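First up is the structure itself, then whatever we jot down about it.
The values are calculated or read from the model by the stated rules, or taken from the named source; none is laboratory data. Here the structure is a predicted model, which is why all the values come from computation and not from measurement. No Cβ is skipped: glycine too gets one built from the backbone with ideal geometry, and neighbour counts run over all protein chains shown.
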Amino acid sequence: MPIQFQFEPIFAESDRIIDGVLLTLGLSFGAIVLGLVLAVLLVAAKSLLGRWVGLLVDAYVELMRNTPFLVQLFMLFFGLPLIGIRLPGTEAALLAMTLNLGAYATEIIRAGVDSIHRSQLEAGLSLAMTKRQVFQHVVLMPALARVWPALSSQFVLMLLASSICSFIAVPELSGTAAIIEQNTFRSFETYIVVTIIYLALALTLKVALNWLGRAVFPRVSSVDRLDARAEAA
């Protein structure tokens, strides 16, 4: 018996789908901005504040990168009430996404910082710049330029990982899909539509991040040109 697709009941829930998409975008963009800020602060703390702070940052990164995102989400949503902190599902989801992305972004940015040639640091210090100024002006921006493609990929992955937040009844796109499936009993059609939407969101975000990277960072930074000349010499 051939499969008969019926998308009309799905399209009838378009308002609910749009709300789910908007919440997915809100969570994703919020986590991207907050996670990136957190990562930069942690890398700066590790670079400027000494060994013990660096060990704490490493412990946080290893904890978040080596445990499932779903477990982290459950720990925040179900665990924090045990110590008197109750977060709505959306806020718990944003916090979990920020902490998870912050750990991965910290490791990516750290790799970019480590790629900066030591001669650039010495040159900055020789100009009587403080360590904070060297990190801000000599290290951070070239490091971000070098690792922007990796960061962009992580941002897209976080957008897709937002679907896990449906497990704590957050009505983002996947949570909305579950509701529509229950209302219409059209599982296959529901997830065909949701798959297409996720694909469109991911590709659009990828293109936007590539454009942003070209606008904010030069294609070849001054540090890269200096390194290339040094290697040629």
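Things to note:
- Count - residues of the range 175-191 that are touching a residue at least 40 places away in the same chain (Cβ under 8 Å) and part of a helix (DSSP H, G or I): 10
- Taken together, the residues in the range 54-73 that are surrounded by 12 or more Cβ atoms within 10 Å (Cβ to Cβ), among the β-branched types (Val, Ile, Thr) and in a helix (DSSP H, G or I) amount to 2.
- Here the condition is being over 27 Å from Phe135 (Cα atoms) and either modelled with pLDDT under 95 or not β-branched (Val, Ile, Thr) (or both); of Leu49, Leu87, Leu63, it holds for Leu87 alone.
- Residue within the range 33-46 that is surrounded by 14 or more Cβ atoms within 10 Å (Cβ to Cβ), of a type in the set (Gly, Ala, Ser) and at pLDDT 95 or above present: yes
- Restricting Ile10, Ile3 to residues that are farther than 19 Å from Tyr104 by Cβ, at pLDDT below 95, out of contact with any strand residue (DSSP E or B) (no Cβ under 6 Å at 6 or more places or on another chain) and not in a helix (DSSP H, G or I) narrows the list to Ile3.
- Residue in the range 91-106 that is part of a helix (DSSP H, G or I), among the β-branched types (Val, Ile, Thr) and in contact with a helix residue (DSSP H, G or I) (Cβ under 6 Å, 6 or more places away or on another chain) present: yes
Results for (1) touching a residue at least 24 places away in the same chain (Cβ under 8 Å); (2) under 11 Å from Leu27 (Cβ atoms); (3) of a type outside the set (Lys, Arg), shown as yes or no for each residue.
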{"residue": "Thr67", "(1), (2), (3)": "no, no, yes"}
{"residue": "Leu76", "(1), (2), (3)": "no, no, yes"}
{"residue": "Pro81", "(1), (2), (3)": "no, no, yes"}
{"residue": "Gly84", "(1), (2), (3)": "no, no, yes"}
{"residue": "Pro88", "(1), (2), (3)": "no, no, yes"}
{"residue": "Ala96", "(1), (2), (3)": "yes, yes, yes"}
{"residue": "Gly102", "(1), (2), (3)": "yes, no, yes"}
{"residue": "Ala105", "(1), (2), (3)": "yes, no, yes"}
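- Pairs, first farther than 21 Å from Arg214 by Cβ and without any contact (Cβ under 8 Å) to a residue 24 or more places away in the chain in the range 144-171, second of a type outside the set (Asp, Glu) and assigned to a helix (DSSP H, G or I), C-beta under 7 Å, six or more apart: Ser166/Ser174; Ser166/Gly175; Ser166/Ala178
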